[in-house]
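Trainee: Could you have a look at this structure, given as structure tokens, before my questions?
Read-outs throughout are calculated quantities, based only on the coordinates presented, and are distinct from any laboratory measurement. The structure presented is a predicted model; accordingly, all values stated were derived computationally and were not measured. FYI the Cβ positions are ideal-geometry reconstructions off the backbone, even for glycines, and counts take in every protein chain you see.
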Ligand SMILES: Cc1cc2nc3c(=O)[nH]c(=O)nc-3n(C[C@H](O)[C@H](O)[C@H](O)COP(=O)(O)OP(=O)(O)OC[C@H]3O[C@@H](n4cnc5c(N)ncnc54)[C@H](O)[C@@H]3O)c2cc1C
Ligand SMILES: Nc1ncnc2c1ncn2[C@@H]1O[C@H](COP(=O)(O)O)[C@@H](O)[C@H]1O
């Protein structure tokens with residue numbers, strides 16, 4: 001096995017957690033195979049992230065330029081392509097985020113290197129990587145191999161590799177790199193960031209969340225769960241399909257593209273447990289799931305489960321609370 | 001504005017009991033209901049909305065067997081003008097090969113925008129769209145939740161993590177991968193689908209495209225499909241609804257929530 005290159009992701013002046021997760025896992029692999037770990041940082045002038053990354057890698061290659069202040073897949077692709085062609089790392093890892101999803105497949109075609117996305121585990125066997133991915137909305141896993149190639153690309157799922165608090169080490173080298181002089185003008189230009197999560201209620205502050213998913217079936221059915229939430233003194237939240245259908249405003253949404261919540265109790269009704277949803281409830285004290293499908297992935301992360309119709313359970317809860 | 005939209009037929013898996021196939025590298029599909037990939041449904045709606053406000057045409061494309069023409073007829077019923085099915089025969093496909101096949105067909109068509117879904121609900125890989133863009137040499141953006149054409153440009157919204165959108169301007173022609181919730185896909189009736197049967201639907205065998213063996217060779221291979229590894233999992237509460245409710249109330253109170 002050869003070197004691993006990890007592309008750092010940062011937003012609004014902060015290195016994103018996924019970067020540290022990738023560096024942690026990559027270092028574990030590099031240790032096993034005694035190889036060097038390199039972090040790649042593309043950022044605006046004087047971003048100041050390099051030292052933080054150096055504590056977690058053998059070296060950091062830094063490309064600083066005003067044009068790199070916010071992510072731009074055209075520029076990232078050009079620069080990374082040149083680095084990969086020149087250094088030929090064994091593996092290059094990119095975050096499986098919106099930005100990573102915009103970059104990695106293009107880089108794969110540009111470099112000619114094979115790509116596996118959204119990996120939850122990465123190993124190497126006989127000099128080739130093997131990755132584990134989820135398929136069919138997390139109902140099954142797959143073990144994926146690659147066609148032989150001088151290098152391999154993967155995008156890595158957030159939360160798959162959690163670094164311990166003491167993941168730092170002797171700082172590695174920070175090496176400033178020149179930006180290629182002949183970079184083409186990007187075809188996409190940044191205008192602004194827009195906060196979409198704000199609203200009348202703040203689900204992140206609730207002690208008890210009653211959360212509904214696509215299992216609610218019809219918009220009209222929300223009223224009965226709202227009633228239950230009111231009776232319990234709980235706040236109503238939901239999974240993405242409920243917002244997509246405009247049944248509840250976006251500020252109710254839990255998950256990667258919604259909010260991360262940390263209630264004492266999270267009661268999930270008719271939510272299957274897709275990773276983008278459960279990533280938002282890792283901070284919950286206790287998770288209770290009600291789902292009519294006994295095999296729903298949510299039961300893998302919940303503390304308590306009820307394999308039944310959500311309306312039956314909701315009505316029984318209401319009756320009990322009324323009688324109490 | 002001419003728009004091309006890529007659609008895929010996938011099995012409905014949420015309520016299904018999935019069985020791993022005998023070879024262990026896929027699933028048994030016989031008993032599963034097939035439907036349009038959720039993300040692609042939004043992409044078709046977006047294409048049709050753009051046509052309705054800007055004029056132009058919509059062409060829907062899929063790579064799949066003859067059964068997958070259902071998703072094309074559905075797209076035609078929603079307002080697409082033409083449909084193309086590329087028949088892959090017995091070939092093994094991965095995201096890379098799919099993107100190369102789509103690129104070969106699309107490069108000879110007229111378009112200002114190519115739309116795909118963010119990801120397909122079977123492989124959950126989210127790579128075909130952006131690979132296709134790079135092969136066609138197009139500007140691109142992933143996870144798009146808003147498109148407003150402005151002459152040679154489009155103002156787009158990309159959904160980032162944590163309740164944040166990024167607004168940018170992108171040069172056309174462009175490829176965008178469409179995220180759910182961008183619009184409200186219209187309802188299509190059986191009648192509508194039947195009527196759309198009169199619209200043009202072309203079938204092209206992949207062998208006729210003259211793709212190189214390299215382009216038709218998958219870059220990744222599923223070696224094994226397996227059930228999620230055992231976890232301790234949830235403690236299941238069994239019994240009639242009333243006793244389940246009593247137990248749940250007890251648990252919630254124990255965790256320090258007063259209800
Ligand atoms: C880039 C990206 C970002 C995303 N961000 C988010 C996000 O922030 N938050 C989010 O939630 N998702 C997000 N998603 C979507 C995510 O992948 C899933 O599609 C979504 O979480 C599924 O929601 P669900 O569980 O409500 O619906 P489904 O997966 O359709 O599950 C519905 C469940 O309800 C059960 N059910 C049906 N009827 C009943 C009944 N009567 N009683 C009991 N149970 C019943 C079914 O068994 C099923 O398990 C994102 C996806 C992408 C690609
Ligand atoms: N067989 C196919 N035919 C047409 N389009 C496809 C096909 N497979 C994938 N796509 C498109 O690519 C998107 C992403 O798929 P994937 O990369 O497989 O997750 C889908 O939402 C479709 O728009």
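Trainee: Enter the Cα centre distance for the pair segment A:126-197 and segment A:289-324, rounded to the nearest angstrom.
Mentor: After rounding, the separation between the Cα centres reads 37 Å.
Trainee: What FRET efficiency comes out for residue A:193 versus residue B:236 if R0 is 41 angstrom and r is the Cβ-Cβ distance? Round to the nearest 0.05.
Mentor: For residue A:193 and residue B:236, the calculated efficiency is 0.45.
Trainee: Another one. Which whole-number percentage describes the relative contact order of chain A, with Cα contacts under 8 Å and a sequence gap of 6 or more?
Mentor: 14
Trainee: Right, here's the next one. I'd like the orientation of helix B:38-54 relative to chain B: the angle between its Cα long axis and the longest Cα principal axis, in ° from 0 to 90, rounded to 10.
Mentor: Tilt relative to chain B: about 40 degrees.
Trainee: Obtain the nm distance between the two label points defined at residue B:207 and residue A:292 by a simple spin-label model: each point lies 7 Å from its Cα along the Cα-to-C-beta direction.
Mentor: 4.6
Trainee: Which of the three applies to segment B:124-191, rounded, prolate or oblate, going by the alpha-carbon gyration tensor with a ≥ b ≥ c and a/c under 1.5 meaning rounded?
Mentor: In terms of gyration-tensor shape, rounded.
Trainee: What does DSSP give for the protein assembly as shown in terms of the percent of beta bridges that are antiparallel, rounded to the nearest 5?
Mentor: DSSP beta bridges in the protein assembly as shown are roughly 35 percent antiparallel.
Trainee: Nearest 0.05, what FRET efficiency do residue B:67 and residue A:121 give at R0 = 35 Å with Cβ-Cβ as r?
Mentor: So the FRET efficiency works out to roughly 0.55.
Trainee: Output the 0 to 90 degree angle, nearest 10, between the alpha-carbon long axis of helix A:222-232 and the longest principal axis computed from the alpha carbons of chain A.
Mentor: 80
Trainee: Find how much the distance from residue B:189 to residue B:148 grows on full extension, using 0.36 nm per residue of separation minus their present alpha carbon separation; answer in nm with one decimal.
Mentor: 11.9 nm
Trainee: Find how much the distance from residue A:202 to residue A:24 grows on full extension, using 0.36 nm per residue of separation minus their present alpha carbon separation; answer in nm with one decimal.
Mentor: Fully extending the segment from residue A:202 to residue A:24 adds 60.8 nm.
Trainee: Give, as ranges by residue number, the residues of segment A:113-138 whose backbone N falls under 15 Å from the point 7 Å along Cα→Cβ of residue A:88.
Mentor: From segment A:113-138, the list is A:113.
Trainee: Continuing with the same structure: Roughly speaking, what is the stretch gain from residue A:166 to residue A:12, that is 0.36 nm per residue apart minus the C-alpha to C-alpha distance, in nm to one decimal?
Mentor: Separation in residues times 0.36 nm, less the Cα-Cα distance, equals 52.9 nm.
Trainee: Once you keep just the Cα pairs under 8 angstrom separated by 6 or more residues, what percentage relative contact order results for segment A:203-322? Don't skip to the answer; put the middle values down first.
Mentor: Details: 254 pairs, mean separation 30.0, N = 120.
About 25 percent, as a whole number.
Trainee: Return the Cα extents of the protein assembly as shown along principal axes one, two and three, sorted largest first, each rounded to a whole Å.
Mentor: 74, 69, 50
Trainee: OK, next. For segment A:155-296, report the % of Cα-Cα distances exceeding 19 Å. If you can, show how the numbers build up before the last one.
Mentor: Values: 6104 of 10011 pairs.
So the portion of pairs separated by more than 19 Å is 61 percent.
Trainee: Going 7 Å from the Cα of residue B:169 along its beta-carbon direction, which residues of segment B:67-111 have the amide nitrogen within less than 14 Å of the resulting point?
Mentor: In segment B:67-111, the label zone of residue B:169 (backbone N under 14 Å from the point 7 Å along Cα→Cβ) covers no residue.
Trainee: Here's a follow-up. On C-alpha positions alone, give me the angle between the axis of helix A:310-323 and the longest principal axis of chain A, in degrees, nearest 10.
Mentor: Relative to chain A, helix A:310-323 is tipped by roughly 50 degrees.
Trainee: What Kirkwood hydrodynamic radius do you get for segment B:3-209 when you take the inverse of the mean 1/r over all pairs of distinct Cα atoms, in Å?
Mentor: About 17.4 Å for segment B:3-209.
Trainee: Quick one: if the Förster radius is 25 Å, what FRET efficiency do residue B:214 and residue B:155 give, using the C-beta to C-beta distance and rounding to 0.05?
Mentor: Rounded to the nearest 0.05, the efficiency is 0.10.
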